[in-house]
1. When the helix-only estimate is applied to the chain (DSSP H runs of n ≥ 4, each -39,500 (n - 2.57), divided by the residue count), what is the mean residue ellipticity at 222 nm, nearest 500 deg cm²/dmol?
2. Whole-Å semi-axes of the range 119-166's equivalent ellipsoid, largest first, each the root of 5 times a Cα gyration tensor eigenvalue?
3. What does the charge count around residue 125 come to, taking other residues whose C-beta lies under 15 Å from its C-beta (Lys +1, Arg +1, Asp -1, Glu -1)?
4. Listed here are the pairs 87/137; 50/159; 50/137; which of them are more than 25 Å apart at the Cα?
5. Under the Kirkwood approximation for Rh and a Cα-based Rg, what ratio Rg/Rh is obtained for the range 13-91?
6. Let me understand the chain better: what is its radius of gyration from the alpha carbons, and its Dmax, in angstrom?
7. To the nearest 10 degrees, how steeply does helix 53-73 sit against the main Cα axis of the chain, on a 0 to 90 scale?
8. On a 0 to 90 degree scale, rounded to 10, what angle separates helix 93-103 from the longest Cα axis of the chain?
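Please treat every number below as a calculation from the coordinates, not as lab data. Just so it is clear, the structure is predicted and the values come from calculations on it, not from any experiment. Please note: Cβ atoms are built from the backbone with ideal geometry, for glycine as well, and neighbour counts cover all protein chains shown.
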Amino acid sequence: MTNESEKTILDEIEAAAASSTFVIIDLEGTASRLSSYAISQSDFVIIPMKEQQQDANAAIAVIEEIHRDMKAVRRTIPFAVLFTQTKVVAKSRTARFVSGQFRQNDKVDTFQTEIHERDAYAAIFAAGGSVRDLNAKEVNNLEAAILNAQDFAAEVIDKLRRQRGTAKEVA
């Protein structure tokens with residue numbers, strides 16, 4: 001799906017769901033009617049954020065929007081925070097503090113897997129395709145990036161499986 005129109009997004013989601021097992025909607029992280037429509041149709045919302053305070057503030061705004069949308073559609077919309085562009089080693093105190101605030105909050109689900117800052121992920125944007133299309137001779141530590149992506153995918157599937165059948169109405 002490539003159109004980002006408030007007028008057509010619900011129809012586009014419905015059409016994509018009719019022909020695909022999974023529909024992934026990637027929108028800007030700011031609160032808008034478009035994001036609210038997408039959230040309201042979601043079985044699971046992933047909130048990506050860097051381990052920085054400005055990203056934490058934006059993630060909190062999205063979480064608040066999800067809670068408003070849950071009231072509007074009268075059902076639980078599961079979500080989890082995903083830390084992205086993280087350091088594999090030598091995390092700063094600020095990064096540890098910001099991620100710790102989310103991980104210690106029992107009302108906010110977080111992914112255990114982090115999407116690390118890797119050359120391979122940057123190369124995807126430059127070359128296109130997927131991490132598996134890249135050449136290990138041209139990209140540093142490609143195997144680690146593939147394993148990181150696989151771990152993330154496995155955790156998403158696990159979270160979706162745990163959410164299946166647990167939808168609740170919200171008063």
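1. Numbers: 6 runs with 82 residues, N = 171.
The helix contribution divided over the chain gives -15500 deg cm²/dmol.
2. On the way: eigenvalues 159, 22, 9 Å².
Ellipsoid semi-axes (Å, largest first): 28, 11, 7.
3. On the way: positive: 118; negative: 26, 117, 119, 133, 138.
Taking every Cβ under 15 Å from that of residue 125, the sum is -4.
4. Working: 87/137 22 Å; 50/159 21 Å; 50/137 28 Å.
The answer is 50/137.
5. Values: Rg = 13.9 Å, Rh = 13.7 Å.
Result for the range 13-91 is an Rg/Rh of 1.02.
6. Here Rg and the maximum Cα pair distance are 17.1, 55 Å.
7. 30 degrees
8. 40 degrees
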